[in-house]
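Please treat every number below as a calculation from the coordinates, not as lab data. Model, not experiment: these values are computed from the prediction. Cβ: placed from backbone, ideal geometry, glycine included. Neighbour counts: every protein chain shown.
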Amino acid sequence: MQELSWIVAGLFLPLFPLGMVFNALFQRVRNVWLRVALLLAWPLPGVWILQSTTPFIPSWVVYWALFSAMLYGFRAVVVKEFGVWIGFLATSTWALNWIALASGVELDQLVLHALAFSLPLSLLAILVGELERRYESAYTGVISGLAKAQPRLSGLLVMTMLAVIGSPLFPAFFSMLDTITHSVIVLPVIALGVVMLWLLWSWSGIRLLQDLLAGPAVPVSHKDISYGVTMTYGLSLVVLIIGGLYLSGVLL
Amino acid sequence: MPCASLRNKGESCEENNRIMQQLILLVITLPFISAVLTQLFSDRLGRRSASVSIVTAWLTFLFAALCLWSALSSPEVYEYSLFSHWGVIRFDSLSTLMSVVIAAISLIVHLYSVRYMIEEPGYARFFALLSAMTGTLLLMVAAGDLITLLIAWHLVGILLYFLLCFDTRSRPAFRYAFWTWITYRIGDLPLLLAAVLLYHAFDSWSLSVIFERLAAAPDTLTIFQLPLAEVVGSLVAVAAFARSAQFLLHTWLPYSMSGPTPVSALMHAGIVNAGGFLINRFAPVFVETSSVLPWVFAVGLATAVFGSVLMLTQNDVKKALGYSTMGQMGFMIMECGVGAFSLAIYHLIAHGLFKGTLFLGAGGVIGEARKNYNVPKDPLYNFVVEKNPARGRKPWLLMAAMTLLVPIVILAFAHWLVAQDFYQKQGAIVLLFFGWVTGAQLIFATYRMRTDKPRRLISQVIVSFAVVVVGYILISHAFDLFLYPDEEFRARIYAAATINVIWFDALVVLITAVIVAGWLRTYYNERNGQCKDKVISPLWLGFYTLISREFYVNDFYVLFTRRLEALATRLNIWLRWV
């Protein structure tokens, strides 16, 4: 029974190769709101299972989780399609929950760690929906010069991407800081791996972003998002920052 | 009566504390407010939105100057906490001094940009980013806890990325901004590890608490039973290396010129100096180390040498300036490595001012050169550009003796003015040595210069050198007293940088012998007209290839990155992109 619950947890807090299930599903779903629901809901069963069984996590599972997270983080470096990238990042970030738990993060805080990444990823998925509505694709190979063509959408994408890759004041930053703080003494090698993983996310995120933003605009004119919608999304980012500050108080 | 006096004194101190807290908060928050307002009102105000940024830059500078004035009159440390665990703003001599420098450079860059950027699209965005960068830098130098420091340290990299790729149409700007970004991120990570190790050891994020507890227990051990101070010192040093473009982490600096000129000025005058600041901030950690500072010195030395060699061989002026900054940063880190921490702060300020002037003046020089192609020829032009040495020779033995002796006499005198026992400190000897090499090189260059009045020229050079050296040493001594008023602490920093005496003496003798032999040979060749080699040897050609490819460091990184990307692509294909 214990083994079965671990396998189910490994599906929802994805360990390789179980993470392929989520990515295959996420890529098939084209509706933005379904994607958001998936991003918000997927890790929760895994967290609940871990909370209810309060398992002792063997060290090989921790190394496996780090391998899974690094594999998806590394693979995300060359991804040019936003949907695929969001799936890979989600897989990479959720796997860290195993490490957090093994390092001594409290069980009731695990859900905060999961949401710290799911929330900005969901916002990114919504913005990618805006992009797809305009260009019928979110593939950076066919869209370029977005900063020139759609400055408001670009600005929001930039800020959300920063939130996803764990930039300061956003919840993911404090979640990462907490995971590293807990693991550095208990599992120093793992902590080093988590630090490298953070670097991989930055590399892949900025690489993807600059392919989209840089250069002359593609010669198709699309209307940028309105001022009001920009303010709404902007407000969501402010809420994320407030959430980050709250998280810093709870976790650190 | 004494009680009343004490109470009055206490109240006045509290009042002073409160005013200082408000001033510091204003210094840090004003630029952020300006950034938000400039961006928010950009549609309504158009290009006039820059004036919001300019006014706040002025106010920030004035308040920062007030803080410094207050720090000069009372060298107390104040702290103000925004949140329960972090968000501590520290008011001490280092933070106030650095705040004034940052606010001054930022103000100049702001004023310069008003006209320089006027035709650029995204004018308001530029000023918003500039103000945000100023605020972040101010937050970084005033951070009183590790989390605030980490946040500011990280944000500087992010904002610099967006300033460097301000021209969104330019793909090279994005490419080289990415190099900067990734190097900065690499530098963030050791600082992060250092922070969490300190937190674990002392159960606090506050710098004051950590430094106090470390002083009480300097032999604290950390992971793998390693000495905490050594591990944290090494990690902080690596973070400083990435930020200050030390060798192997330098490639972003010479290529980051694709950004607007004011950004280059701000970067070279301010941001890149953060490494020197960081080492100074963690001085209480470095005094507890024994093996970190010598290798900090070695890295600084390597950077100074490689940076200078690459600067001399560039045919692109902007890249030459970039490598010049790299060489200067190497020198700054080297100063930290010999224990002259406050000298590094003085160096970064002096370098910031002259490099900022060079960048901001570059546009005017180029404009002038476009109007007038005929550069007036004078002895200096002949010497520097056409490299024509003097026809008439001065007595070489006399000149050789002057080259070697005059700088050392001036330097020894200047050091003696501020500390009679300077020769007992290895760090002071090393600095003396480099001062001597620089001075000797200056006189050597004069020897080769064509002039009608050689005696006058040489005496002018010697007087200038003496003024510079005495001024430099006196000012750096004043910095020493301001930043590290505790004499025992200063001595401990020098002690932490000390290496085995036999090794030290052997190295000094060896390097002196090599340099003196090189000078004597050059003098001798000059005198006998053998300065031009007729045949280029394969060794020389190989060396030329090496430096023309910038020691293949960039090539290696590009190749390595491509291999990694190819591997990631291969993995994705195998795993069907899921």
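Table for the structure above
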read-out: Charge context of A:GLU81, other residues only, Cβ under 15 angstrom, K/R +1, D/E -1; value: +4
read-out: Fewest-first sequence of B:VAL27, B:VAL88, B:VAL501 by Cβ atoms within 10 Å of each Cβ; value: B:VAL501, B:VAL88, B:VAL27
read-out: Cross-link reach list, aspartates and glutamates versus A:LYS80, counting only Cα pairs under 20 Å and skipping chain neighbours closer than eight places; value: A:GLU130, A:GLU132, A:GLU136, A:ASP211, B:GLU565
read-out: Pair A:VAL229, B:ILE511: separation of 7 Å Cα→Cβ label points (nm); value: 6.2 nm
read-out: Over chain A: helical MRE at 222 nm, DSSP H runs n ≥ 4 each giving -39500 (n - 2.57), nearest 500; value: -24500 deg cm²/dmol
read-out: Efficiency of FRET from Cβ geometry, B:VAL437 and A:VAL142, R₀ 56 Å, rounded to 0.05; value: 0.45
read-out: Distance histogram in 10 Å bins (all Cα pairs of the stretch A:3-127, percent per bin); value: 14, 49, 31, 6
read-out: Options B:ALA173, B:SER106, B:TYR544, ranked by Cα towards positive dipole end of the protein assembly as shown, top entry (Cβ charges); value: B:TYR544
read-out: Average other protein chain Cβ within 10 Å of Cβ, residues A:177-187; value: 4
read-out: Projected-area average for the stretch B:229-293 over all orientations - Cα convex hull basis, square nanometres; value: 4.5 nm²
read-out: Ranked B:ARG213, A:ARG35, criterion: other C-beta atoms within 10 Å, fewest first; value: B:ARG213, A:ARG35
read-out: Model label zone, B:THR313; criterion: amide N under 13 Å from point 7 Å along Cα-to-beta-carbon; scope the stretch B:537-578; value: B:539-554
read-out: The stretch B:47-112: chymotrypsin sites (Phe, Trp or Tyr not before Pro) in DSSP coil with no more than 15 other Cβ atoms inside 10 Å; value: B:PHE83
read-out: Surface/4 of the Cα convex hull for the stretch B:202-254, nm²; value: 4.8 nm²
read-out: The stretch A:54-118-the stretch B:449-496 distance, computed between alpha-carbon centres (Å); value: 55 Å
read-out: Check: the stretch B:166-373 dipole with +1 on Lys, Arg Cβ and -1 on Asp, Glu Cβ, in debye; value: 960 debye
read-out: Cα-projected label distance for B:GLN22 with B:TYR524, points at 7 Å along beta-carbon direction, nm; value: 7.3 nm
read-out: Furthest towards positive pole of dipole, B:GLN460, B:SER204, B:LEU405, structure part the protein assembly as shown, Cβ charges; value: B:GLN460
read-out: Förster-model FRET efficiency, 45 Å R0, B:LEU82 and B:LEU226, C-beta, rounded to 0.05; value: 0.85
read-out: Relative contact order (%) - criterion: Cα under 8 Å, at least six apart; region: the stretch A:74-178; value: 28 percent
read-out: For chain A, convex hull of alpha carbons as volume per residue, Å³; value: 107 Å³
read-out: Alpha-carbon Rg with Dmax, taken over the stretch A:205-252, Å; value: 16.4, 49
read-out: Cα convex hull volume per residue for chain B (Å³); value: 218 Å³
read-out: Percent of alpha-carbon pairs separated by more than 26 Å within the stretch B:18-144; value: 23 percent
read-out: Cβ charges +1 (Lys, Arg) and -1 (Asp, Glu), total dipole of chain A, debye; value: 640 debye
read-out: Spin-label model distance (nm) - B:TRP503 vs B:ALA412, 7 Å beyond Cα toward Cβ; value: 2.8 nm
read-out: Over the protein assembly as shown, equivalent-ellipsoid semi-axes from the Cα gyration tensor in Å; value: 48, 32, 28
read-out: Under 13 Å between alpha carbons - lysine pairs in chain B that sit 8 or more apart or on different chains; value: 4
read-out: Given charges at beta-carbon only (K, R positive; D, E negative), |dipole| of the protein assembly as shown in Debye; value: 3220 debye
read-out: Order of B:ARG90, A:ARG30, A:ARG134 - criterion: other Cβ atoms within 10 Å of each residue's Cβ, fewest first; value: A:ARG30, A:ARG134, B:ARG90
read-out: Alpha-carbon Rg/Rh ratio, for the stretch A:108-252, with Rh computed the Kirkwood way; value: 1.04
read-out: Lys/Arg +1, Asp/Glu -1 at C-beta; the protein assembly as shown dipole; positive extreme among A:TRP201, A:ILE180, B:ILE515; value: B:ILE515
read-out: Longest to shortest principal axis, alpha-carbon extents of the stretch B:184-273, angstrom; value: 47, 25, 16
read-out: Relative contact order of chain B, pairs being alpha-carbon contacts under 8 Å that are 6 or more residues apart, as %; value: 11 percent
read-out: Two-site FRET efficiency, B:ARG47 against B:PHE560, from Cβ-Cβ distance with R₀ of 51 Å, rounded to 0.05; value: 0.70
